[in-house]
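The values are calculated or read from the model by the stated rules, or taken from the named source; none is laboratory data. Remember, it's a predicted structure, so these values are computed and weren't measured experimentally. Because the Cβ atoms are built from the backbone with ideal geometry, glycine has one as well, and the counts that use them run over all protein chains shown. Keep in mind that these areas ignore ligands, DNA and RNA; they rest on the heavy atoms of the full protein, side chains included. Shrake-Rupley method; radii C 1.70, N 1.55, O 1.52, S 1.80 Å.
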Amino acid sequence: MRFPTLVLRNLLQRPTRSLLTIGGIAIGVAAVVALTGLAWGFESTWARVYTARGTDLVVIKSGSLSPVPSAFSRDQIRGLETLPGVTQVACMLSDLTSIEDAPVVLLSGWERQTFIWNHLDLVSGRWPGSDQEREVLLGTVAQEMLGKGVGATVQIESARFTVVGIFESPSLAENGSVVMTLPQLQRVLDQPGKINFVNLTLAPGASTQQIADVRRAIVERWPGFKVFAASQVADQSAAIVVAQAMAWATSSIAVVLGAVGVMNTVMMSVAERVHEIGILLALGWRRRRVLSMILGESLALSVAGGATGVAGGSAVMLWLQHTAMLRGKIEGELSLSLMAMAFAIAIGLGIVGGLYPAYRAASMRPGDALRHV
């Protein structure tokens, strides 16, 4: 009998136990894929929010490292446009809030006639006409969530706004957002003169040293504020760091349980086959071959569990990102590197969970094993 066939036969002799072990491994691997994919997607989704706008630098208040930082007075940071190398300045105010039937929506107020509007593609309708009119734009995903079209009204806090346009953005989070002019949102949130982001563009072809000089000048002139490159804002977010930490913590627990399950299954298998292993040793099997057989069974369980977990975790991640709470805010990142990492974890579970039982089996004395009943 070929060695792989022997390994498979040993597992099929106890199908229920093998399937339960595969299921335990699959749950751990699926947790890694789904939670890590969402955490990575959370970071990349919010990174695209800033980079899609054509922003070079983002100024926020120190200590405000959430995706929606705390607001501050526009007067606190006037004069940015006078700095050497700065070509455009656009202030904005954002908040995460519930709008009608949508549990959480990104609500943004932008300064009119600034560069941050340029990356949007107007699908239908028109742009807001003035800062005085109660008018909003809906991203394509927000339009689907709210079930509103051009000409409809939408309730935001205590005010009703008319939908004047539908837009599409390169950023998923913006496609799930509602946009209005900055003064309108300041009135809705009762934060007159407040903003929480300042977007800067620099002269084309600015060198690394020139960018560093601008950042240093801002920090020195306006203490209490931080400056990040657009691609770095998401990396610095405390919310994203916490999300990644929680994803790894939860996944680690599931993975440890999977390893315990593998060890338990293989140990029980070895305990039930002491006499059989004694016969194999008496027939001339080397201890290394016995160890390889037991490890092979453990790895076979892990490979099956890993494949099932990668498929299941991918499906769960895709389902979660389309739920009402996450839709339009997070796009899970299902990459080859993530799947390879999850599969490697499954293989690691097989080695860790099977090594001790394999050692126990290979260490048996043939005489003692044959006398075992």
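Annotations
- Separation between Cα centres of region 179-218 and region 341-358, rounded to whole Å: 50
- Taking trypsin sites (Lys or Arg not before Pro) across region 116-213, the ones in a DSSP loop with at most 14 further Cβ atoms lying within 10 angstrom of their Cβ are Arg126.
- Over region 95-188, the Kirkwood radius and the radius of gyration, each from Cα atoms, give a ratio Rg/Rh of 0.91.
- For Phe225, nonlocal amide neighbours, meaning residues 5 or more places apart or on other chains whose placed amide H falls under 5 Å from its own, are Ser62.
- Binning all Cα-Cα separations of region 156-215 at 5 Å, short to long from zero, yields these whole-percent fractions: 4, 12, 16, 16, 16, 14, 11, 7, 4, 1.
- 5 angstrom amide H check on Ser124, placed H, neighbours 5+ away: Ile166
- Note on region 51-193: with neighbouring protein chains present and a 1.4 Å probe, carbon and sulfur make up 44 percent of its accessible heavy-atom surface.
- In this calculation the C-beta distance from Leu122 to Ser252 is compared with R0 = 41 Å, giving a FRET efficiency of 0.35.
- In terms of overall dimensions, region 33-185 has a Cα radius of gyration and Dmax of 15.8, 47 angstrom.
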